[in-house]
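The values are calculated or read from the model by the stated rules, or taken from the named source; none is laboratory data. Treat the numbers as computed from the prediction; the structure is a model and nothing was measured. Cβ sites come from the backbone with ideal geometry, for glycine too, and all protein chains shown count toward neighbours.
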Amino acid sequence: MPVILITDALIFVLIAVGIGFGLYAARHEHLRGPWRQVGRSPVGVAALVVIVFYVGVGLLDSLHFHPLIEPVAPAAPAASSAQADQSADEKTDAVAQPVAATSTSDQAMSGQDATADEQDSFAATPASVLAEPTYSTQIISVLDLWLSGLRERQEKTFSAPFATQLFVKEAIEQPDGSVIRGYPRLEHGGAHLDDPSQRGVDILLRGLFGLVKGLIAWTALMVTLIAVLAWRGRQSFNDRASAIWRGETETPWRVALSALALMLVLSFVAAELAASYHILGTDKVGEDVFYQSLKSIRTGLVIGTLTTLVMLPAAVILGIMAGYFGGRTDDVIQYLYTTLSSIPGVLLIAAAILMLQVYMTNNAEQFQSLVERADLRLLFLCIILGVTSWTGLCRLLRGESLKLREADYVQAARSLGVRSSTVIGRHILPNVLHIVMITVVLDFSGLVLAEAVLSYVNIGVDPTMNSWGNMINSARLELARDPVVWWSLAAAFVFMFTLVLAANLLADVVRDAFDPRLRSAS
Amino acid sequence: MSDVLLHVSNLTAELGNSERPVRVCDGVGFSIRRGETLALLGESGCGKSMTALTLMRLLPLSGRIAGGSVQLDDTELLSLTEREMRGVRGGRMAMIFQEPQTSLNPVLKVGDQIAEAVRLHKRLAKAEVAERVVELLRAVGIPDPARRAGEFPHQLSGGMKQRVMIAMALAGDPELLIADEPTTALDVTIQAQVLQLLKGLQAQTGMAVLLITHDLGVVAETADRLAVMYAGQIVEEASVDAFFAAPAHPYSRKLLESVPSASKRRGELAVIPGRVPPLDQPFSGCRFADRCSQVMPACREAPIAWFQPNPGQQVRCLLWAEGPAQFREGEASAAVGTVEPSLSSAQPETAAVELAAAGVKAQAEASGATRLEAKAASAPARSATAPTAEGQTLLATAGLQVHFPIQRGLFRSTVGHVKAVDGVDLCLKAGQTLALVGESGCGKTTVGKAILRLELPTGGQVRYNGVDLASIRAGQMRRYRKDLQIIFQDPFASMNPRMLVGDIVGEGLQSLGLEKGRAAQRRRVAALLEQVGIGEQAMNRYPHEFSGGQRQRICIARALAVEPKLIVCDEPTSALDVSVQAQILNLLKRLQDDLGLSYLFITHDISVVAYLAHEVAVMYLGRIVEQGTAAEVLDEPRHPYTQALLSAVPMMDKAERRQIIRLEGDMPSPAAPPTGCHFHPRCPQAIADCALTYPQPVQLSKTHSARCLRIET
């Protein structure tokens, strides 16, 4: 049964807006031209490919639903054990077990704990209702379903990347009854190996296998793409392919395909290896870090884009009004944003998030699940980040409208008796859109990083929600251990870095394409 | 010749990528003698400025010099290292630029900026440097130089800044000064000051000047020799006297003919069809061939060699290939060609007058007659137009005021007013053109905007057909929007770059609901575009695809769309080249004849006024100082300001030149106008009484009046 969380709905709105804008831009040369220029820049294209992968993961993670509970399931909870089972919700159940066993003191864990309890209680009831399909109260996403293998293969506690044994010593009972302290074998990571010393060869083989699979997938994609291009350009397949190979096409397809190859091979190798190893290790409660990193993508993207969606209307409308009408309107809007931007942003965010937390504890009954709670908190974070960040764009737009108001064509429109609303819609807005575009793209990476910082100081997203900020926050203590547990931090860093780097590179290209001064120079 | 200072030969420079380079100058060659002024003349896009930058080796990053040689004395500049070249720049060769506002660093005192230039070329002690700075400032005619050296650029006026730029250029005692449109951004009176200064300095120091300009008048008054540049090539080189007597290249001739003047007012101006070709293509043969009226098949075949019609004049044109006789014939037919359009367009009875006038004028010129005679010739032409000028008053302003409050402090209290327009009385008759003339900053544009209520008048009346537009409510104004329209100065800024031409022109139809239905609207827009000579296929294109002149036509179509009675033309041609200006002026004139439009023509260009206007009002610091019919004001100016303004206009024809009345200083700020007559601090004829009260208008004839105490009737 599909579930649409508030942020999911907003993401869909954003996609609709994006598609609408794309159609609008396609019909307007002044917007299509710069985007075409972006499409012709090798850096821009490569960055776009990387971002598409991220967005794909984020979108998959935004399709939420209550999983179906299979009729055979009810018997399972009673038999709950550490073994891996087949049914989906039971697996999560199993996931919850070691969680409950480990630490309840950890704030991050308390949420998951509760989820597990809920499930337990629920899973017991539907036993009687066999006739109609029943759904779990648990909310998972398509990505969760896809990665259920990763999600379920939990270890007891820390394990290093590609490890076959736990990272900490435990008392192990030998078959002969004696107990020694040592590093026990992992339950899942490398469990298929009889002898852990074969690990290197196994990783290599599986890696190669993944590589081959990735290359096959890439070849299939490439052939389709070239065929489509050749068909559209009315060229023979070979001509097109050789043109791309020599880098003679206007759009740098060669770069795009290389980036695609890199990303596909990486994904397939990772998928292949992740099936039998924890490629980025596990965290304190034994959860796979690779899974966490993938789940964090949605959080980062939502913060980066929804915040913009929230702030845009205010910034655009108020900024243009202030600049165009001037006088009293200008004074009021100026005082508003001067006041707002004088309040320290972090203070405002902390206050809003803390207030929300209090509200949510007092009205716990309004939330059906922890996922919804976390989602509402994420939305609020977006809104409050939006409230603190619209002033910059507003100021820019006010200045630009102030200039445009005196432009000859606006004067001409006024002398032709065009109404103010039409003047704004027809003459001012299209001429400030490039500023909006540049700001949105530039702000994106800043917001992704801001989430990490805010979560680190505990006023970011909900602790139960996967995010790079939370990963870094929990890695804080792990770094103090000896030997050091570095993989959580490193994974969060690598994933965030890749996204932000790609976004920044794209932002540079977009800015160059849209900046009228640079355009006139070239 | 030993006195040749700069010898350029076969200089070729390219911009952009090497596959499709833009050849900004292609085989350019000329030489300049010591103490001589060579003018490089041409329309925009012909590569004049790029040639200058190539000489200085200051091409933009994407540019490179592809070949040729530049010899300054005995030094080959193109083979110098960058380090040696730095010594040459500013030392032996200096350059001044068009825009004095942007050529000075706004955060440094002007004295420091000049001192920097001084120190770069001479090792002097600190005190000596300061002395030299003051000396330089004095040399360029800046009063109180010691104080001015300590001021920032924003405290100086445009003319002063250009002087400072010249002072900086002089700091290294250059042998050659390259002046790239040094006066284009300045007003005529200031332009006269700067040109005079350049000439004086040249006489003192004996330096050579390469003057780059598009203004034929400036060339005629300042230069010794000139080179005409077209599409990256020099097409004619001659001494100034020889050139203005008989330009040899068809392009030069057309250029001269397209300059508007009083004597041409009954006919159409000569125009050059088409535009300067883009320079990123390979040329074979003559580059002007596509626009030339006397083109021959041979013109397109091979590169054109130099021919010498006279000693000291050379030209790249095949008309001269067979010797001068061949050309004389061509010239005669060309001369007839220019009269023909005026015959066909003018009324039969006036055409005779025009012909006679042209004939008398030609004679006067030929015999080197005095200015009086020439004027006598042009006077009948003007008086012939006067009778048709009787019409009823369409628009009249009375005591029109536009004051902008100056607000200071936290609570924005008003501390004063900028009196941009301070009591203007104008009267515009139906079907006529009233020219509003004045220097920049005198408030003439504000008058135009106030009439259309784009600026809200703060006082006075704007009576249009008996209704006072200044006092009606904003909603009621919509009814009159249809009748009053405006055309702006800058054709690049006056159209929304994001809209299709069809939508731009149709905007008024849509907003005022004049044509119902999209199809009817599009038909009307197509007809309008046809009317201004653009063609309906322009509808689905964007403004940036058009050249300046074409854009101005589209702007005219937009204004015409609502079938106005009056169009305020705010310097519609000052951003355009001479030949394009001629096209636009012809169009405006034709539309006036066809549609009976009235124009309020705001301009600073006296030659345009003489060509187009029926009546003239001269504005100074927010007030009209003199008004009357075009003939009265332009031929018999009575107000000292009008006299100074007219005298400062550079004339191509030596016979028409007047003794330049030099005005001291600049126009005062309209925020604090001088007491009494606003003009008295600069007036050469001022008396003590001038500072007491603002003079009342003195009626000189039925139509002519001026506000000056010194006029006795």
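Got a number for residues in the range B:423-461 being more than 26 Å from the chain's Cα centre (by Cα), more than 14 Å from chain A (Cβ to nearest Cβ) and among the hydrophobic types (A, V, I, L, M, F, W, C)?
2
Within the range B:494-505, work out how many residues are at the interface with another protein chain (Cβ under 7 Å from one of its Cβ atoms) and crowded, with 24+ Cβ neighbours inside 10 Å.
So the count comes out to 3.
Kindly list the number of the only condition in (1) buried (at least 21 other Cβ atoms within 10 Å of the Cβ); (2) over 30 Å from A:ALA475 (Cβ atoms); (3) in contact with a Phe, Trp or Tyr (Cβ under 6 Å, 6 or more places away or on another chain) that fails for A:ALA314.
(1)
I want to confirm something. Restricting to the range A:8-64 and keeping residues that are within 14 Å of another protein chain (Cβ to nearest Cβ) and not hydrophobic (A, V, I, L, M, F, W, C), which single residue is surrounded by the most Cβ atoms within 10 Å (Cβ to Cβ)?
A:PRO34
A:LEU150 - would you say it is closer than 29 Å to A:ALA270 by Cα, modelled with pLDDT of 80 or more and over 29 Å from the mean Cα position of the chain (by Cα)?
Spelling it out, it is not the case that A:LEU150 is closer than 29 Å to A:ALA270 by Cα, modelled with pLDDT of 80 or more and over 29 Å from the mean Cα position of the chain (by Cα).
In the range B:470-480, which residues are aliphatic (A, V, I, L, M) and within 12 Å of chain A (Cβ to nearest Cβ)?
B:ALA474, B:MET477
Taking the condition buried (at least 20 other Cβ atoms within 10 Å of the Cβ), more than 9 Å from chain A (Cβ to nearest Cβ) and farther than 30 Å from A:ALA26 by Cβ, does B:GLY513 pass?
Taking the combined requirement at face value, the residue does not satisfy it.
Just checking, which of B:LEU576, B:LEU597 is under 30 Å from B:ALA192 (Cβ atoms), in the same structural domain as B:ILE451 (by TED's automatic domain parsing), in contact (Cβ under 8 Å) with a residue 60 or more places away in the chain and crowded, with 21+ Cβ neighbours inside 10 Å?
Step by step, each of B:LEU576, B:LEU597 is checked, and only B:LEU576 is under 30 Å from B:ALA192 (Cβ atoms), in the same structural domain as B:ILE451 (by TED's automatic domain parsing), in contact (Cβ under 8 Å) with a residue 60 or more places away in the chain and crowded, with 21+ Cβ neighbours inside 10 Å.
Go through the range A:415-503 and tell me which helices (runs of 4 or more DSSP H), entirely inside it, have 2 or more residues that are within 14 Å of chain B (Cβ to nearest Cβ).
A:420-423, A:429-456
Among the residues of the range A:323-338, how many are among the charged types (D, E, K, R) and surrounded by fewer than 17 Cβ atoms within 10 Å (Cβ to Cβ)?
Looking only at that region, the number is 2.
Going residue by residue through the range A:277-298, is there one that turns out to be of a type in the set (Lys, Arg), free of Cβ contacts under 8 Å to residues at least 40 places away in the same chain and farther than 30 Å from A:ALA46 by Cβ?
No, the conditions are met nowhere in the range A:277-298.
Being assigned to a loop (DSSP other than H, G, I, E, B), out of contact with any Pro (no Cβ under 7 Å at 6 or more places or on another chain), within 19 Å of B:LEU600 (Cβ to Cβ) and free of Cβ contacts under 8 Å to residues at least 60 places away in the same chain narrows it down to one residue among B:GLU439, B:GLU455, B:GLU515; which is it?
Within the list B:GLU439, B:GLU455, B:GLU515, the selection yields B:GLU455.
Looking at the range A:365-391, I want the residues that are among the polar types (S, T, N, Q) and have a partner that is surrounded by fewer than 19 Cβ atoms within 10 Å (Cβ to Cβ) and assigned to a helix (DSSP H, G or I) with Cβ atoms under 7 Å, at least 6 apart or on another chain. Which pairs are those?
Hits for this filter: A:THR388/A:GLY345; A:THR388/A:LEU348; A:THR391/A:LEU340; A:THR391/A:SER341.
Filter the range A:400-414 down to residues that are more than 9 Å from chain B (Cβ to nearest Cβ) and part of a helix (DSSP H, G or I) and give me whichever is farthest from the chain's Cα centre (by Cα).
Only one residue tops the list, namely A:ARG405.
Which residue is farthest from the other protein chains (Cβ to nearest Cβ), if the candidates are limited to the range B:481-493 and must be in contact with a strand residue (DSSP E or B) (Cβ under 8 Å, 6 or more places away or on another chain) and within 23 Å of B:GLU536 (Cβ to Cβ)?
Applying the filter and picking the extreme gives B:ILE487.
Which residues, counting only those in the range B:1-58, are closer than 27 Å to B:ASP577 by Cβ, assigned to a loop (DSSP other than H, G, I, E, B) and in contact with a helix residue (DSSP H, G or I) (Cβ under 7 Å, 6 or more places away or on another chain)?
Of everything in the range B:1-58, those that are closer than 27 Å to B:ASP577 by Cβ, assigned to a loop (DSSP other than H, G, I, E, B) and in contact with a helix residue (DSSP H, G or I) (Cβ under 7 Å, 6 or more places away or on another chain) turn out to be B:GLY42, B:GLU43.
Which condition from (1) in contact with a strand residue (DSSP E or B) (Cβ under 6 Å, 6 or more places away or on another chain); (2) touching a residue at least 24 places away in the same chain (Cβ under 8 Å) is the one that A:ALA171 breaks?
Among (1) in contact with a strand residue (DSSP E or B) (Cβ under 6 Å, 6 or more places away or on another chain); (2) touching a residue at least 24 places away in the same chain (Cβ under 8 Å), A:ALA171 violates only (2).
Anything in the range B:603-661 that is farther than 20 Å from B:GLY267 by Cβ and among the aromatic types (Phe, Trp, Tyr)? List them, or say none.
B:TYR620, B:TYR641
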